[in-house]
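Quick notes on the structure that follows.
The values are calculated or read from the model by the stated rules, or taken from the named source; none is laboratory data. A quick note: this is a predicted structure, and the numbers were derived from the prediction, not measured. Cβ atoms come from the backbone with ideal geometry, glycine included; neighbour counts cover every protein chain shown.
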Amino acid sequence: MSVALASFAVFAASQVGTPGPANMALMGTGARFGFRAALPFVGGVVLGKQLIIWPLGLGLMVWLRDYPVVFGALRWAAIAYIFWLAWKVANTRIAPGEEGARVPGLVAGLWVHPLNPKAWAMIIGGFTNFVDEGTSAIEATFGIALVLFSCQLVLHPLWALAGDRVARLVAGTRAETYLMWTLAALTVLSVLYVLLGGGEA
């Protein structure tokens, strides 16, 4: 009765590191205002996911015990969303925002993940695929929260840095298309990893 932390870390890193609404916002902020100016926003985005994990996790573990069918449905809904997201990512093109806009801060960052369907799918996928049945809600939630926080702390700043250093170099070139399709493929592979049993606790 535990959380498969190593397996979940692989899944979480692939999800946190690939494009989605949050990472696109981080990249755009880095491109617009520079890496250092974007750091408060990055911090808000990192902390904002915890606002979902704890209340959702504590409630989800109770539901998992009482309504396992609901979580089976949630698992497949989350997987379907991530496949759809991968297709959207493959066709996304980098577009730096308007210059002269006000730099978003920590508070603005806090709202990014609560309004991000990918974050909800990722968290639900974590609880339904990487937690042994019978694991306490607190242990499961702490494990999921710790892994996601660690991945975000490392990977989210890289997206802001990419906006500052890399995005402007590839925007509008053939390399941009290859980059987005590669990131989309990584998103799909992470889901296949779960489907093939690599993510079972």
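Okay, residues lined up against (1) surrounded by fewer than 20 Cβ atoms within 10 Å (Cβ to Cβ); (2) modelled with pLDDT under 90:
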residue: T141; (1), (2): no, no
residue: L146; (1), (2): yes, no
residue: S150; (1), (2): yes, no
residue: A160; (1), (2): no, no
residue: G163; (1), (2): no, yes
residue: S190; (1), (2): no, yes
In the stretch 27-36, which residues are modelled with pLDDT under 90 and outside any loop (DSSP other than H, G, I, E, B)? M27, G28, T29, G30, A31, R32, F33
Would the stretch 8-23 turn up any residue that is at negative phi, of a type in the set (S, T, N, Q), surrounded by fewer than 23 Cβ atoms within 10 Å (Cβ to Cβ) and touching a helix residue (DSSP H, G or I) at 6+ places or on another chain (Cβ under 6 Å)? yes
Going residue by residue through the stretch 1-14, is there one that turns out to be in contact (Cβ under 8 Å) with a residue 24 or more places away in the chain, assigned to a loop (DSSP other than H, G, I, E, B), in contact with a Gly (Cβ under 6 Å, 6 or more places away or on another chain) and more than 26 Å from E176 (Cβ to Cβ)? yes
Filter the helices (runs of 4 or more DSSP H) completely within the stretch 37-110 down to those with at least 3 residues that are at pLDDT 80 or above. 50-66, 106-110
